[in-house]
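A short reminder: the numbers here are calculations on the coordinates, not readings from a lab. Just so it is clear, the model here is predicted, and its values are computed rather than measured. Cβ sites come from the backbone with ideal geometry, for glycine too, and all protein chains shown count toward neighbours.
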Amino acid sequence: MWKKISILLEMIKFKHTVFAMPFALMGAFLAGRGVPSLRVFLLVVLAMVGARTCAMGFNRIVDRRFDAANPRTKNRAIPAGAVSLAESWAMVILSGGLFFLACYFLNPMALAIAPFALALTLIYSLTKRFTWLCHVVLGVALAFSPLGGWVAVAGSLSGYPWTLSLGVLFWVAGFDCIYACLDADYDREVGLYSMPAKLGRKRAFRLAVFFHVIAFVFFILTGRLSGLGGIYYIGIALTGAALFYQHLVVNPKDLSRIQVSFFSMNGLIALTLFMATWLSLLVA
């Protein structure tokens, strides 16, 4: 059983929850101007784990035929037969239930927005079939992370710094656009949509740079709107350096270091902004 669970967790890249989790906590900490209660903190963590696990599991299920035909993804758990569809669906249903249960125990507002947040993360997996704006849809879905964290503490949207969600939106759209370059040729061949498949890798990289510049500006504005101090802007400077490095190590002709760009730098960016926010609030 434990071996099967480990395969399922690897299938959905559970460790990559680090991309969205810090932003959910960032929203929660901003709403409370500090560390929330242990109960709220744990419920936010459970909600994020449930939502992402549900969405990623659903993605692997609906994309299984494409994954099986793609040389890069043919060894994923479902195409390789390491887990069954029934097991995958069970994970999706249970994790979705965990998400709604956590939202229920948070507050009525959290439960009210839960269906919209989860629906967006599920719909993203289908958008690749009809629009090259799928990366933006993923950005909108993950933009609910800080908003959800805020609502978990405040119980309303009053005072929420919307620039934070906008920053997450364009940050995610940018790095997902870069990552999609790995499958640009395959997507074009089978009729799937993505910006690299539509525009070519070179133009997609330029668009990703544009998205990340916009995200950087929105993250700066978040600090101003939230009254954060100098420590936050040190984090902003580190975030800018990480974004620059991300585009430095990968280019349209050489994607060999995309794992460093996509996983290491994005995890660093999310954690840096969260820690900078927390420390800034702590000092204040």
Task: Ellipsoid semi-axes in whole angstrom, largest first, where each is sqrt(5λ) of the Cα gyration tensor of segment 191-284 - done: 30, 14, 10
Task: Where labels lie 7 Å past Cα in the beta-carbon direction, separation of Lys74 and Ser256 in nm - done: 2.3
Task: Among Ala20, Gly227, Ile258 - extreme Cα towards positive end, dipole of segment 2-283, charges at beta-carbon - done: Ile258
Open item on the list: If a paramagnetic tag sat 7 Å from the Cα of Phe130 along the Cα-Cβ line, which residues of segment 51-66 would have the backbone N under 19 Å from that point?
Closed with: 59, 62-64, 66
TODO: Pop the C-beta distance of Val190 and Val213 into the FRET formula with R0 = 25 Å and round what comes out to the nearest 0.05.
DONE: 0.20
Open item on the list: With θ taken as phi - 60° and the coefficients 6.51, -1.76 and 1.60, list the Karplus ³J(HN,Hα) couplings across segment 223-231 in order, rounded to whole Hz; mark glycine and proline as x.
Closed with: x, 5, 5, 8, x, 7, x, x, 4
Open item on the list: Using the crude model of +1 on Lys and Arg Cβ and -1 on Asp and Glu Cβ, and no other charge, please compute the dipole size for the chain relative to its Cα centre, in debye to 20.
Closed with: 360
Task: 222 nm mean residue ellipticity, helices alone, for the chain (DSSP H n ≥ 4; -39,500 (n - 2.57); rounded to 500) - done: -24500 deg cm²/dmol
- [ ] Could you check the simple spin-label distance between Leu111 and Leu38, using points 7 Å along Cα→Cβ, in nm with one decimal?
- [x] 2.5
- [ ] Specify whether the C-alpha gyration tensor of segment 74-142 places it in the rounded, prolate or oblate class, a ≥ b ≥ c being the square roots of the eigenvalues: rounded for a/c under 1.5, otherwise prolate if a/b is larger than b/c and oblate if not.
- [x] oblate
Task: Burial ranking of peptide ranges 52-59, 38-45, 74-81 (average Cβ count within 10 Å, highest at the top) - done: 52-59, 38-45, 74-81
Task: Cα lying deepest toward the dipole's positive end in the chain, options Ala208, Ala86, Leu192, charges on Cβ - done: Leu192
Task: Rounded to whole Hz, the Karplus (6.51, -1.76, 1.60) HN-Hα couplings of segment 42-51, x for glycine and proline - done: 5, 5, 5, 4, 5, 4, 5, 4, x, 5
- [ ] Please give the FRET efficiency for Leu157 paired with Leu271, using the beta carbon to beta carbon distance and R0 = 22 Å, rounded to the nearest 0.05.
- [x] 0.30
- [ ] Could you run the Karplus curve 6.51 cos²θ - 1.76 cosθ + 1.60 with θ = phi - 60° over segment 118-128 and give me ³J(HN,Hα) per residue in whole Hz, x for Gly and Pro?
- [x] 5, 4, 5, 5, 6, 4, 3, 4, 8, 5, 5
Open item on the list: Rounded to the nearest angstrom and ordered from largest down, what semi-axes does the equivalent ellipsoid of segment 2-283 get from its C-alpha gyration tensor (root of 5λ)?
Closed with: 30, 25, 15
Task: Positive-end extreme of charge dipole, the chain - chosen from Leu282, Gly34, Pro71 (charges on Cβ) - done: Pro71
